[in-house]
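Presented below is the structure to which this report refers.
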Amino acid sequence: MSRTDGAIRSRRARLAARLREEGIFACVLEDFENLRTSLVRYLSGHPSDAILVVAATGESVLVPWDVNLAAGMAVVDRVVPYTDFKRSYKEAVATVLKDLGLSAAAPTRGARPGQGGLSRAVAMDGQEARPKVEFLSRTSHLRHEELCRELPGAEIVVRNDGIDTVLSKMRTLKDAAEIAALERAAAITDEVLDLVEAEVRSQPAGSVREVDVAQLVEREALARGAEGMGFETLAAGPTRSWGIHAFPVYSAGPFGGPGLSILDFGVKVDGYTSDVTATFVRGPLADEQEKMVHLVQAAYDAAVAAAKPGASPQAPALAADEVFGAAGQKMPHALGHGIGLDAHEGPLLRSQGENSDKELVAGMVFTIEPGLYHPELGGVRLENDVLIDGRGARVLTRSRIVRLG
């Protein structure tokens, strides 16, 4: 069993223990086009398009659209093709749950615990309590009604502070396999950024296009073993870098010419994505542009220094805000966010609003990305990925402000 396989099984074991604590018979997760979630991959290794059922006993059943892909990637106890259920979600869920021991019939008043092959509790009024099956909080009302009809013997649980919250908190702390994947993604990211810098430097100012940079990033990331990109690559030249996230994400316009250009991209390895932003600076700059560059670098340095085990997630953001505030500037977005199977996970690093995490602890991986933007002067952002470990904060990537001359 590989380290990755062991990590996936360990995650499910922790989830199963939580289900037992809360008296949940099983939970059902789905990842299809109408309801995407990376939780299925987190708990099974299967990348997408599947139903995953995890029972309180620890048993797991995957119902994939692509059974061949599941055979090569899934780390589960049992795989049942979706086609076995005529591609019917309700039939697949009901059948798998029944196979795991859930009775299809509604409990009857006065029934003895254990009837129907499943140990049950009896409610205060003598009515046999129904086993609980939990679904993701974004399950629709119509689907909830459908499941209630299909599974009269179960209590269908859909709640805001339920299985989604439990798994979100688990994912905030990365295990060794996740950190290894993020480190490999970071290494590829650094190599690709070096190539982009070399390419832009080697060409006449303004001759490189945004689309050229974006395609170079994606081609070279894949050539180095990346699974794909974590999100759409953003390449915005001097005329478009004023947008926090330029739209469209890249065009045929010039990149790296006089002024400020922003490149924001992420590389996926084993599903886990990096997320970095570099600003390419080519002079001559106006005094206010130079001031923006200096402030972003100073805010970044202050935020990284404040990212320590035991510190509040607000601390790095407040440190950056202090730098900007002293110069009469204000950052128009949060300082950073967690990364993993998704480009945005916990923890959140922001100076305003509530943070679900009370402190930064070992195993958290997040971005630090201060930025300033002006509709006429352009934008500056510097973003790297940071791991909290037993010694402090370790910056995983080498993004930077690139001075082109």
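Each reported figure results from applying straightforward, stated rules to the coordinates on display, with no laboratory input. Source: prediction; values computed, not measured. With ideal geometry, Cβ positions are generated from the backbone for all residues, glycine too; neighbour counts draw on all protein chains shown.
Annotations
- Based on Cα contacts under 8 Å between residues 6+ apart, the chain shows a relative contact order of 12 percent.
- For the listed residue pairs Lys268/Lys308; Lys174/Lys268; Lys291/Lys330; Lys169/Lys358; Lys132/Lys174, the alpha carbons are over 19 angstrom apart in Lys268/Lys308; Lys132/Lys174.
- Distance from the alpha carbon centroid of the stretch 290-342 to that of the stretch 171-208 works out to 21 angstrom.
- The stretch 173-403 shape via C-alpha gyration tensor axes, a/c threshold 1.5: oblate
- For the chain, a Gaussian network of Cα nodes joined below 10 Å ranks Thr139, Thr172, Thr273 by mean-square fluctuation, and the top entry is Thr139.
- Order by protection proxy (mean Cβ within 10 Å, highest first), peptides 42-53, 394-405: 42-53, 394-405
- In terms of the mean number of neighbouring beta-carbon atoms within 10 Å, the peptides 150-156, 231-237, 3-9 order highest first as 231-237, 150-156, 3-9.
- Net charge over other residues, Cβ less than 13 angstrom from the Cβ of Pro238 (K, R count +1; D, E count -1): +1
- Full extension of the chain between Thr165 and Arg391 gives 78.5 nm of extra length, using 0.36 nm per residue less the Cα-Cα distance.
- Between Ser202 and Gln215, the simple spin-label model (points 7 angstrom out along Cα→Cβ) gives 1.6 nm.
- Between the residues Val269, Gly346, Ile188, the greatest Cα displacement towards the positive end of the dipole of the chain, with unit charges on the Cβ of Lys, Arg, Asp and Glu, is found for Gly346.
- Relative contact order of the stretch 173-403: 22 percent, from C-alpha pairs under 8 Å at least 6 residues apart in sequence.
- For Pro204, net neighbour charge (Lys/Arg +1, Asp/Glu -1) across residues whose Cβ lies under 15 Å away: +1
- Comparing Trp65, Ala16, Pro313 along the charge dipole axis of the chain, the residue lying farthest to the positive side is Ala16, per the Cβ-charge model.
- Among beta bridges identified by DSSP and lying wholly in the chain, the antiparallel ones come to about 80 percent.
- Residue exposure proxy: Ile388, Ile244, ordered by other Cβ atoms within 10 angstrom of their Cβ from fewest to most, comes out as Ile244, Ile388.
- The stretch 3-170: antiparallel DSSP beta bridges as a percent of all, rounded to 5: 60 percent
- Per-pair calculated FRET efficiency, R0 = 41 Å: Glu359 and Leu195 via Cβ, rounded to 0.05: 0.60
- GNM result for the chain, Cα springs below 10 Å: residue of Asp385, Asp77, Asp287 fluctuating most strongly: Asp287
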